[in-house]
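Here the structure is laid out as structure tokens; the discussion comes afterwards.
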Amino acid sequence: MSKLLTDHRQAELGGRLPAYDGKKSLFTAGELPFKSKDFDVILNAGRGERRYRVAIKHAANVSLDQLMMLMAGMSTDIPSKALQVLDIVLRDIVLNERNSMGYVAAGRSFFSPLIDQPVNLNKGVQAWKGFYQSMRPTQNGLSVVIDMSSTPFIEALPLIDFIKKVLNKEPRSNNTTGMDFVMIVGRNQYNSTDRAKEFGIEVDNRPTSVEARLRYYGTGSESLCCPEVGKWNMQRKDMSPLRLPIYCTSPQQLEVKLPDFVKQARDRLGGNFKKVCDTDIGLMSQCCQEKNVSKMNSSTLANIALKINAKVGGRNTVLHDPRISLPVVSNKTTIIFGADVTHPAALDDNAPSIASVVATLDWPEVTKYNGLYRTQGHRVEIINDMEDMVKELLLAFQQKQGKKPQQLIFYRDGVSEGQFKLVLEQEIPAVEKAWKALYNEKPQITFIVVQKRHHTRLFTRDPRFQDGSGNVLPGTVVDRNICHPTEFDFFLCSHAGIQGTSRPAHYHVLRDDNKFTADGLQTLTYNLCYTYSSCTRSVSIVSAAYYAHKLAFRARFYLPQVSDAATNVSSSSSAAHAAAPGQLPEVKNELKRSMFYC
């Protein structure tokens, strides 16, 4: 393509400098002098002359009108095609006009061994630093999102040397790497390139500065457990009294019965332990790695105790003063839902996806959840059985509370922006239909999408607002400048950083019948991150979505019983993809209303 432009740009292409996507599409900032034309391109390589035929044919016009409307503050869909073209222009700038770094493209990311010293990963594989870049419409206008990353590459070596490394004949390197966004943007020098001028693009290489707000959870007397920097200690905190059945035998019978008990357990649970306990015998279980238990570390044992307590019906934490910590929820009887869909591994073309939906059973505490799961078509993200699952969870709430809920808050995990329309057209109507079928009235729904797979990172220049790892403090929320130009969304960092750069969760509101204020929904969402029962830390996403993710992940271990059905799903048939490939085994009744998955 570079040779074609060198040979024909000024004459046949009318002086245009196109942007090429590396596949089948070529974009120009104006019309070419022809609708269709073939070009012969000759490359003189070391092994002689090679001839190619390049056919260029007009396909479509890409309008920027919708993008301009969005930037002007008018409510409209995200103009994905226009943004794709601009992404391709930036891609071409990096690969073809500013590629002294020798970048290698992988999707929207670019990697080079010259950004930083490659790190040897052993066996002839090394990690290269790189960066992700994309265009995103924000309240500030169009923004270039840059995120640092790394990926493994086969090391470029003579075959013998490569084999030596595979066989561990050479020592590993101890090189380290270092995360500079400004360096990458400055090095790319978008504005000084011919393509940037051709398409009228200017990039401000300074990181976007935004105002963030902090929300703190935890005030009260010494008897309360007050979190600091997203964590707290359960020492000397008494849990609610809870009786667990303990099975025993007389000392005289111990030696006789114990070996038999052990044998029965090994025979019965020799395979998938969790699957057998959950779906065959209805036994609550807690697995522990021997290396952890053998340490007898008090924090490890306390963590195990937290999980056991939650699984058997106990409550580890309750938000103090719901009127303050749970805006809107504390005013009316409220049920909170979470949902997620887990998909098979990348190279698995047959296994089904698994959808899970969880919902609170208690109000106003909102800490105990009931959960359901279903299989659906391979890599289908939209939840097919949403109506039935929501209906069952509403009935469970009503049975536990003795009254129906008055409002519903739904956190949906894992949906991309391109799928928002499908959620609005299919999932939310299914929730509404379930409510109407039970209560013959229109529900008050607040529906929020939770996203973790994005490339926005938050940094602070003021060390007073950093945690011990240099990340922004838990409770940092941003809802301006870098957010959607017209819709209600916000970034919330609800957890303390442990390793690396903290990734804030992105919350996007698709519907809000309950009329939350921005402060109210952000406060509720942040405080719910403190109700996750398995640790004494605030978690990175709201607990309802976290539980849904864990249940879907747990249910994937039940799949062997439906493997034959899953194998029959055709990866080339959309009709087969839409059909549910068999049923997962149900969890036993003894566990159904418990948080066995936490």
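The values are calculated or read from the model by the stated rules, or taken from the named source; none is laboratory data. From a predicted model like this one, the values you see are computed outputs, not experimental measurements. Here the Cβ is made from the backbone with ideal geometry for all residues, glycine too, and neighbour counts use every protein chain on show. Note: accessible area is taken over every heavy atom of the protein model, side chains too, but ligands, DNA and RNA are not part of it. Shrake-Rupley method; radii C 1.70, N 1.55, O 1.52, S 1.80 Å.
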Peptide ranges 114-123, 533-542 listed from the most packed, as the mean C-beta count within 10 angstrom indicates: 533-542, 114-123
Which of the pairs Lys129/Lys165; Lys3/Lys35; Lys274/Lys404; Lys307/Lys452; Lys231/Lys295 have their Cα atoms more than 30 Å apart in this structure? Lys274/Lys404
I'd like the trypsin sites (Lys or Arg not before Pro) in the stretch 371-442 restricted to DSSP loop residues with at most 11 other Cβ atoms within 10 Å, sorted by number. Lys403
Tell me which trypsin sites (Lys or Arg not before Pro) from the stretch 26-87 have a DSSP coil assignment and no more than 16 other beta carbons within 10 Å of their own. Lys35, Arg47
Ignoring any ligand, DNA or RNA, what whole percent of the accessible area of the chain comes from carbon and sulfur when the probe is 1.4 angstrom? 50
Kindly provide the GluC sites (Glu not before Pro) of the stretch 415-466 that DSSP labels as loop, not H, G, I, E or B, and whose Cβ sees at most 11 other Cβ atoms within 10 Å. Glu441
Charge tally in the Cβ shell below 9 Å around Val449, where Lys, Arg are +1 and Asp, Glu are -1, Val449 excluded: -2
What is the set of long-range amide H partners of Thr333 at a cut-off below 5 Å, with H atoms built 1.01 Å from backbone N? Gln406
Which value, in Å², gives the accessible area per residue of the chain when a 1.4 Å probe is used on the protein heavy atoms? 53
Output the peptides 204-213, 225-234 sorted from most to least packed, where packing is the average of other Cβ atoms within 10 Å over each peptide's residues. 225-234, 204-213
If packing is taken as the mean number of other Cβ atoms within 10 Å per residue, what is the order of 493-501, 280-288, highest first? 493-501, 280-288
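Is the shape of the chain best called rounded, prolate or oblate, per the rule: a/c under 1.5 gives rounded, else a/b larger than b/c gives prolate, else oblate, with a ≥ b ≥ c the square roots of the Cα gyration tensor eigenvalues?
prolate
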Please compute the net charge surrounding Pro118, taking Lys and Arg as +1 and Asp and Glu as -1 over other residues with Cβ under 11 Å from its Cβ. -1
Gyration tensor (alpha-carbon) shape descriptor, the stretch 353-429, a/c threshold 1.5: prolate
Of the listed pairs Lys23/Lys164; Lys433/Lys592; Lys81/Lys391, those with alpha carbons more than 27 Å apart are Lys23/Lys164; Lys81/Lys391
HN-Hα J in Hz across the stretch 486-502 - Karplus 6.51, -1.76, 1.60, θ = phi - 60°, x for Gly and Pro: 10, 9, 8, 8, 7, 9, 10, 9, 9, 10, 7, x, 10, 8, x, 8, 5
Straight-line reach from Lys550: which aspartates and glutamates have Cα under 19 Å away, leaving out those fewer than 8 places along the same chain? Asp278, Asp340, Glu381, Asp385, Asp413, Glu586
